[in-house]
Amino acid sequence: MPLAKEEYISDAWKEGLFNNKVVFCTGGAGTICSAQVRALVHLGANACIIGRNVEKTESVAKDIATARPGAKVIGIGAVDVRKFEALQGAVDRCVRELGGIDFVIAGAAGNFLASINQLSVNAFKTVMDIDVMGSYNTLKATIPHLKESAQKHRVDSASLKPSPLGTGGRIIFVSATLHYRAAPFQTHVSVAKAGVDALSHSVAIEFGPLGVTSNIIAPGPIASTEGLDRLLPAPAMREYIKSQPLGRIGSIRDISDATVYLFSNTGSYVSGQTLVVDGASWRMSSQNTSSGQMGYPDFLLSGEAVQHVKGQKKSKI
Ligand code: HXC
């Protein structure tokens, strides 16, 4: 469904900021990543979004294209980030049809709530594969194009003047905050996101000399996302919002604005960083899992599986 501009981007940014730029995004049909791409498209970019579900990916791509008349947005479904060859094929198509890749958002992720007792070896591996291997595969398939774009858009090292062609050669990994402390029922994703963070830092160091920047956006609880639906039982939402430092949860616009900041000239000297966009949520000691029907540690000790969230496992482990 087409969104009003104020829903996915603030009015701080200049129209045409990303004219002639191309963004490649995995997990691009999801709520957060599609908003990030929509913001870039609104500001002039063309885009290629990747997902597993063909119908959903293609229809979200069409929808994102409504953000700007004349925008080209390709949705490539049936691409699992765990399969490098499929991803490489999508990258090749993106470059063939849109002319290159200037920005990458590695956003594909998988999650559900399960204690270590309830987490099979394959369940743990699945999330590691989607998040860590998926991010690595995305990097490997796109880095030649990011290097090329970075060369074209370098800040002049003597004058420090930005390139007249704008920016390019930048990657953002979408991570999380739950591994900064530790969260029950989230071992798999905590380990995976710690790996994603380490990957981003290494990219910043190894490809910085070629002009590529690499950063992490770590969203907090964002309204109407599958991530939150999978983590927070619906009845606990009101209490949870009240517990947040800013008295609200985040919006997709909060994440899009952070993305534009990192990809435009405002982010030219920002690399190897994590931009936490969570209204100071993770600094609070209370977590959703310590409230209401999932009180810590009683719920863990009960051996019960989590109920009333999206993505529950039907069968017993
Ligand atoms: C325990 C579970 C489970 C659950 C699946 N498994 N769901 N175990 N509790 N709720 C187990 C399965 O039993 C199986 O193990 C293994 O995981 C693989 O499951 P599959 O269904 O075969 O995998 P697949 O089809 O690849 O699906 C991947 C998935 C799924 C991660 C399990 O949930 C998914 O596709 N998610 C994508 C969408 C998503 O998660 N969005 C939220 C992203 S938000 P066995 O042993 O039975 O073979 C996000 C943010 C994180 O990531 C941070 C937030 C703060």
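The values are calculated or read from the model by the stated rules, or taken from the named source; none is laboratory data. A quick note: this is a predicted structure, and the numbers were derived from the prediction, not measured. What goes into the accessible areas is simple: the full protein's heavy atoms, side chains included, and nothing from ligands, DNA or RNA. Shrake-Rupley method; radii C 1.70, N 1.55, O 1.52, S 1.80 Å.
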*Starting from the amide H of residue 108, placed 1.01 Å from N in the peptide plane, find each other amide H under 5 Å away whose residue is 5 or more places distant or on another chain.*
26, 27
*Counting residues in the stretch 1-71 as N, plug N into 2.2 N^0.38 Å and put the Cα Rg over that result.*
1.01
*Per 10 Å bin, what percent of the C-alpha pairs of the stretch 151-242 does each bin hold, from zero upward?*
14, 33, 25, 17, 10, 1
*In what sequence, largest accessible area first, do 32, 205 appear using a 1.4 Å probe?*
205, 32
*With axes computed from alpha carbons, what is the tilt in degrees of helix 187-207 against the longest principal axis of the chain, rounded to the nearest 10 within 0 to 90?*
20 degrees
*Cα-based helix-to-principal-axis angle, 54-65 vs the chain, degrees rounded to 10*: 50 degrees
*What whole number of Å gives the distance from the Cα centroid of the stretch 142-189 to the Cα centroid of the stretch 50-87?*
21 Å
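Past 28 Å, Cα to Cα: identify those pairs from 5/72; 21/161; 5/83, in the order given.
Details: 5/72 18 Å; 21/161 19 Å; 5/83 35 Å.
Checking Cα-Cα distances, 5/83 exceed 28 Å.
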_Helix axis angle, 84-98 relative to the chain longest principal axis, alpha carbon, degrees_ = 40 degrees
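First compute the accessible area of the stretch 130-270 with a 1.4 Å probe, then give the percent of it belonging to carbon and sulfur atoms. If you can, show how the numbers build up before the last one.
Working: 3570 of 6030 Å².
Carbon-and-sulfur percentage of accessible area, whole number: 59.
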*Skip the ligands, DNA and RNA, and give the accessible area per residue of the chain with a 1.4 Å probe, whole Å².*
47 Å²
